[in-house]
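Each remark here refers to the structure printed beneath this line.
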Amino acid sequence: MKKSDRIYLSPPHMTGRELDYIKNAFDDNWVAPAGPDLVAFERDFLEYIGTAFGVALVSGTAALHLALIAVGAKAGDEVLCPTFTFCATATPIVHAGASPVFVDCEEKSWNIDPELLAKELKNLADKNKLPKAVIVAHIYGQSADMDPIIESCNRYEIPIIEDAAEALGATYKGTMCGNMGVCAAFSFNGNKTITTSGGGMLVSNNEEIVEKARHLSTQAKDNVPHYQHSSIGYNYRLSNILAAIGRAQVTVIDERISQTREVNRIYRELLGDISGIDFMPEPPNTRSTNWLTCITIDPKKFGANKEEIRLCLEDENIESRPLWMPMHMQPVFSKCRKVGGTVSEELFKNGLSLPSGSDMTGEDIKRVSEIITSNIDRR
Ligand SMILES: Cc1ncc(COP(=O)(O)O)c(C=O)c1O
């Protein structure tokens with residue numbers, strides 16, 4: 001992605017040290033899906049998150065797929081997950097052969113609604129049809145309300161897999177996302193808080209889960225000198241070169257979070273008092289990273305709708321995006337079960353993610369805000 005005048009939603013933000021790590025890896029000929037940078041990147045990332053074990057993979061999607069296999073999800077099982085999320089929270093459930101059931105989000109955090117989840121788990125327990133797992137995503141940098149979710153899942157001994165792809169460094173009551181389920185997936189896609197251009201990691205305090213995932217990620221090769229396989233594996237390991245990029249990136253996680261939080265603060269200062277504009281909430285006892293700054297627009301109060309604003313920004317070469325289209329509205333999931341749905345439908349109808357790059361300048365944010373406010377009462 002060439003640097004240009006376009007203001008992107010969340011572009012990669014390099015430290016300037018990535019090429020040094022890559023050069024070292026080339027000098028030592030570690031151009032392989034194994035090597036010292038992979039080991040060091042896993043070590044440094046785990047130190048930041050605070051979990052004991054982890055395996056670096058080609059993507060967050062791969063991490064979720066292996067997490068589901070590790071907890072035993074298979075054909076005939078159901079897995080509960082939020083409807084208001086990116087598709088990659090749900091598609092790995094299908095990759096594992098199981099069926100997703102979509103649960104609506106709550107207004108308070110925009111993440112999975114703990115009350116709806118509790119009701120659905122009780123309903124399924126009564127029918128003796130409990131799901132194999134619950135995936136909880138922490139979207140747009142904001143943690144889900146974990147205490148009641150953990151309480152319900154513990155009652156029925158259902159494992160929680162955290163999809164922390166968008167919430168690196170976010171906290172809930174002082175605990176970092178990625179430490180609250182049996183395991184968690186992170187993403188290092190180009191648009192995330194830190195990036196390896198593409199990549200992900202599965203982390204857990206349960207060594208067995210991570211070792212199973214590591215084994216499956218490298219073609220499930222048995223521990224013998226020849227190529228022998230007793231189960232079906234995948235080619236999901238991150239390359240050493242991409243891990244080298246990650247080694248530089250992992251050093252700036254807190255800096256990136258301060259920067260995206262500052263972007264959010266400036267947007268709030270400039271747009272917070274405008275009638276018809278509301279920001280994604282940050283509930284007490286949580287700390288969002290504001291990976292993306294998201295707003296909802298009430299067209300009656302504001303005078304223009306989210307699509308009119310999006311197009312107006314696009315005319316000025318500025319990227320913004322509608323909030324997630326709920327999974328239960330997706331054509332590909334039309335036959336899946338859903339629990340509730342109106343909260344996410346409303347967010348999709350009226351919500352927009354604003355450009356939120358950690359390298360955005362105050363001037364850029366002011367420009368975006370002025371274009372948005374120029375739409376007031378345009379009808
Ligand atoms: C909520 C969520 N889950 C999972 C993923 C998948 O991560 P990746 O793109 O690394 O496969 C992403 C991002 O892309 C995401 O936003």
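If I go through the range 117-152 residue by residue, how many of them are more than 19 Å from Leu64 (Cα to Cα), among the basic types (Lys, Arg) and either within 16 Å of the ligand (Cβ to nearest atom) or outside any helix (DSSP H, G or I) (or both)? Here the count works out to 2.
Of all residues in the range 179-191, those that are touching a residue at least 60 places away in the same chain (Cβ under 8 Å) have Cβ atoms under 7 Å from Cβ atoms of residues that are polar (S, T, N, Q) and near the ligand (Cβ under 7 Å from one of its atoms), 6 or more apart or on another chain, in Ser187/Ser59. Residues of the range 319-347 that are in contact with a helix residue (DSSP H, G or I) (Cβ under 6 Å, 6 or more places away or on another chain) and of a type outside the set (Ser, Thr, Tyr): Leu323, Met325, Pro326, Met327, Phe333, Lys338, Val339, Gly340, Gly341.
For the range 185-206, a residue qualifies if it is away from the ligand (no atom under 11 Å from the Cβ) and outside any loop (DSSP other than H, G, I, E, B), and the qualifying residues are Leu202, Val203, Ser204. In the set (1) under 13 Å from Val343 (Cβ atoms); (2) loosely packed, with under 15 Cβ neighbours inside 10 Å; (3) touching a strand residue (DSSP E or B) at 6+ places or on another chain (Cβ under 9 Å), the condition left unmet by Glu107 is number (3).
To keep it simple, each residue is scored yes or no on (1) under 24 Å from Thr195 (Cβ atoms); (2) buried (at least 16 other Cβ atoms within 10 Å of the Cβ); (3) free of Cβ contacts under 8 Å to residues at least 24 places away in the same chain.
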residue: Ser334; (1), (2), (3): no, no, yes
residue: Gly341; (1), (2), (3): no, yes, no
residue: Leu347; (1), (2), (3): no, yes, no
residue: Asn350; (1), (2), (3): no, yes, no
residue: Ser353; (1), (2), (3): yes, yes, no
residue: Asp364; (1), (2), (3): yes, yes, no
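Any residue in the range 241-248 that is part of a helix (DSSP H, G or I), under 18 Å from the mean Cα position of the chain (by Cα) and under 20 Å from Asp359 (Cα atoms)? Scanning the range 241-248, I find at least one residue that is part of a helix (DSSP H, G or I), under 18 Å from the mean Cα position of the chain (by Cα) and under 20 Å from Asp359 (Cα atoms), so the answer is yes.
Any chance the range 74-90 includes a residue that's of a type in the set (Gly, Ala, Ser), over 26 Å from Tyr140 (Cα atoms) and surrounded by 14 or more Cβ atoms within 10 Å (Cβ to Cβ)? No; the residues of the range 74-90 include none that is of a type in the set (Gly, Ala, Ser), over 26 Å from Tyr140 (Cα atoms) and surrounded by 14 or more Cβ atoms within 10 Å (Cβ to Cβ).
Is it the case, given these coordinates, that Ile232 is more than 16 Å from the ligand (Cβ to nearest atom) and in contact (Cβ under 8 Å) with a residue 60 or more places away in the chain?
No: the conditions fail for Ile232.
The combined condition, being within 21 Å of the chain's Cα centre (by Cα) and not polar (S, T, N, Q), is fulfilled by Gly357.
Taken over the range 161-176, residues that are more than 15 Å from the ligand (Cβ to nearest atom) and β-branched (Val, Ile, Thr) amount to 2. Evaluated against (1) away from the ligand (no atom under 16 Å from the Cβ); (2) touching a residue at least 40 places away in the same chain (Cβ under 8 Å); (3) assigned by TED's automatic domain parsing to the domain that holds Thr193; (4) buried (at least 17 other Cβ atoms within 10 Å of the Cβ), Pro114 falls short on exactly one condition, (2).
Can you list the helices (runs of 4 or more DSSP H) lying wholly within the range 8-81 that have 2 or more residues being within 16 Å of the ligand (Cβ to nearest atom) and within 18 Å of Gly198 (Cβ to Cβ)?
Filter on the range 8-81 gives 36-49, 60-70.
The values are calculated or read from the model by the stated rules, or taken from the named source; none is laboratory data. Not measured: the values here are computed from a predicted model. Glycine also receives a Cβ, built like all others from the backbone with ideal geometry; neighbour counts cover every protein chain displayed.
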